[in-house]
Amino acid sequence: MSTTHEHQQHTDHSSMDHDHDHSGHSGMDHSMHMGNLKPKFFISLVLTIPIILMSPMMGMDLPFQFQFAGSEWIVLILATILFFYGGQPFLQGAKMELSSKEPAMMTLISLGITVAYIYSLYAFVMNNFVPQADHVMDFFWELATLIVIMLLGHWVEMNAVSNAGSALEEMAQLLPNTAHIVDDNGDTKDISLQEVQEGQHVLIKAGEKIPTDGTVLKGTTSVNEAMVTGEAKDVEKEQKDTVIGGSVNGSGTITVEVTGTGESGYLSQVMTLVENAQNEKSRVETLSDKVAKWLFYVALAAGILAFIGWLITSDLSTAFERMVTVLIIACPHALGLAIPLVIARSTSLGAKNGLLLQNREALETAKSADVILMDKTGTLTEGNFAVNNYRSFSEDYTADQVLTYISALEQNSSHPLAIGILNKAEELSLDIPEASDVENLPGVGLKGTVDGKNIKVASVSYLNKQSIDYDKNNFDELSKQGNSVSFLLIDEQNIGLVAQGDQIKPAAKSMVQSLKDQNIDPVMLTGDNQQVAQAVAKELGIDDVHAELMPEDKEKMVKDYRDNGQVVMMVGDGVNDAPSLARADIGIAIGAGTDVAIDSADIILVKSDPSDIIHFLTLAKRTQRKMVQNIWWGAGYNIVAIPLAAGVLAPIGIILSPAVGAIVMSLSTIIVAINAMLLKID
Ligand SMILES: Nc1ncnc2c1ncn2[C@@H]1O[C@H](COP(=O)(O)OP(=O)(O)OP(=O)(O)O)[C@@H](O)[C@H]1O
Ligand SMILES: [Cu+]
Ligand SMILES: [Mg+2]
């Protein structure tokens, strides 16, 4: 069985709105209902100062402390306000966790502060109203500092998380508010971006932000797409080139026809993808919540054990004190942050560098990748076909007619080969008839009806399979020169061919080498003919080549490798790659590819640059390292603190107080947060 890929459609924009208000996406499970912790932290801090001054820490009077008649009442009142006001976010979080029967971090914190508060109330009553009782140590000092430090920690955490999420906000701000619409008379008028519709003509002046996706009708310019695709170099644009909403126009003035606005625009789609990727955090949350749940029981058990142990070796009140201390100290704060912060950072870092992570699991799987299957056309090569040769084998048709018939079918295709052919037809100003009943033959070509004739555009493997004759010498010569050859069949008769050449992407060769250096075997899979495949593979240094594959063959290759126990990455762009992308352990789609491929993939290379595969591997490696580091920093605190608080080292005089525990906890939290932010890709 393959892993199920539960991708949300990247075309689902229900969560998008025109105002690009993404304030609610930071998505930390328990922080969502915590409100603004900043004022809460500062008010709690002010309340805490008199408590620290007037209440003994762990029963010890510190030099700066003072007491006067009735001061214990002030401490009691302040601590009560602090408990209900400052502790409210945690208590509320715990209520939610408990009502869903999932005790986790908030429950642990609440357990700590509630136990501290109630125990201190008990101490207060005993010390003030039961004259003959022994003095009972209260925990007001600890209660106050715990709440303040906890608030600080969560405030920092939420800040860190919303910073990680701000890649989305940055993207949202790329779009201007208005667009200059050009009407049929050539007059321009400014309208708000929401009102712009597909098909309208928009004027973009030098230096302005480009408001929508579109195709250039008039003018030339260079455009900075860095904020959208991460491509640092300016991109030259002339007639027919596409521009992306959110990129910045350089020195020229252009008029574009709008092809995508608002929600259908590229930028919105990218934002939806990022959002989906970030929402996957909730799954990680539950994972760390699971750990917290486990810790909750450990803390309870440790508390009870400490109670029993101290009851045997000491007295009841010490036993209570120790138990309370253990429960106060068990807060797994940093642990809850360890993974989500890294994922959030990694996702936004990826997005800024042209890597969209649709499925974060890919970050973890990447470390064990054994083999990478790569599609040729559009992935390793540009997919920018140019017709080098076209001819007729039949006396009834001229070469131009062959091209005309082929073009009639290709008008209905978005395959890279189709675009090359149509460009040629246009160059020759051929008059192309309409085709009807056009059907895509995956891995083969197209079929349809033109002028009442049954027409097919087919690959050489189809001819071989159907035993249709062709001039092998001529075919070999063309394909050895690197041409992809498509035949025209009329009523299954071989009428002619068109041969087109493509260029290898400049970054492909070094990418292949770098994969080999990382011990990931590069394999090329292509639907194209054997000779072209060999030529490209040789150029790139790929030894393992499989050509003339049908989409299902590609998928089967992926399956075979996986059945062999290998972890498979698959990179592709076309409809024919979609099944293999979904089947692979890590599916990587080329951003310029088809929507189906993009929807099936775990990762999208926005810039369509093969070297971003290497960047992804680097990002994955670093993310993994940070996660492990952070889990140790987070759990390390608990591993050390719980037994210390329970009094394991009491025989040699070391006992952890709740206050010191809280300080260490905050330190480990800050380390985890900073460590996550230090994740870089270069
Ligand atoms: N629209 C089309 N026009 C002409 N030929 C086509 C078309 N679609 C497919 N073919 C033929 O079928 C073959 C296989 O196509 P397919 O899309 O599976 O792979 P490809 O794009 O050539 O290569 P790759 O798998 O490397 O992307 C092509 O090489 C071509 O001969
Ligand atoms: Cu905490
Ligand atoms: Mg392809």
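Each value in this text was obtained by applying a stated rule to the coordinates, not by laboratory testing. Note that this is a predicted model, so its numbers are computed, not measured. For neighbour counting, all protein chains shown are included, and Cβ atoms are generated from backbone atoms with ideal geometry for every residue, glycine included.
See the values below:
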{"item": "Least to most buried among ILE613, ILE639, ILE43, ILE181 (fewest other Cβ within 10 Å first)", "result": "ILE639, ILE43, ILE181, ILE613"}
{"item": "Close Lys-Lys pairs in the stretch 462-524, where close means Cα under 28 Å and separation is 8 or more or interchain", "result": "6"}
{"item": "Relative packing of peptides 241-252, 665-676 - highest average C-beta neighbours within 10 Å first", "result": "665-676, 241-252"}
{"item": "Kirkwood-Stokes translational diffusion coefficient of the stretch 386-501, alpha-carbon pairs, 10 °C, 1.306 mPa s, µm²/s", "result": "115 µm²/s"}
{"item": "Simple label model, 7 Å out from Cα along Cβ direction - MET550 to ASN127, nm", "result": "8.4 nm"}
{"item": "Cβ-based charge dipole, the stretch 595-682, positive-most Cα from PRO651, MET627, ILE603", "result": "PRO651"}
{"item": "Difference of contour (0.36 nm per residue) and Cα-Cα distance, SER317 to GLN513", "result": "63.7 nm"}
{"item": "Pair ASN384, LYS480: separation of 7 Å Cα→Cβ label points (nm)", "result": "2.8 nm"}
{"item": "Extension reserve of the PHE68-LEU98 stretch, reckoned as 0.36 nm per residue once the Cα distance is removed", "result": "6.7 nm"}
{"item": "For SER436, net neighbour charge (Lys/Arg +1, Asp/Glu -1) across residues whose Cβ lies under 12 Å away", "result": "-2"}
{"item": "By average C-beta atoms within 10 angstrom, highest first, the peptides 490-499, 210-219, 107-116", "result": "107-116, 210-219, 490-499"}
{"item": "Non-local Lys pairs in the stretch 175-265, i.e. 8 or more apart or on different chains, that have alpha carbons under 20 Å apart", "result": "13"}
{"item": "Cβ-Cβ FRET estimate between ALA206 and GLN88, R0 fixed at 56 Å, reported to 0.05", "result": "0.55"}
{"item": "FRET efficiency, ARG625 to ILE43 (Cβ-Cβ, R0 45 Å, nearest 0.05)", "result": "0.70"}
{"item": "Summed residue charge, Cβ within 10 Å of GLU198's Cβ, Lys/Arg positive, Asp/Glu negative", "result": "-2"}
{"item": "Computed E for ALA301/GLN566 - FRET, C-beta separation, R0 45 angstrom, nearest 0.05", "result": "0.60"}
{"item": "Two-site label geometry, GLU539 and ILE77: point separation in nm, points 7 Å out along Cα→Cβ", "result": "8.4 nm"}
{"item": "Burial ordering of MET374, MET54, fewest other beta-carbon atoms within 10 Å first", "result": "MET54, MET374"}
{"item": "For peptides 641-653, 522-534, sequence by mean Cβ density within 10 Å, most packed first", "result": "522-534, 641-653"}
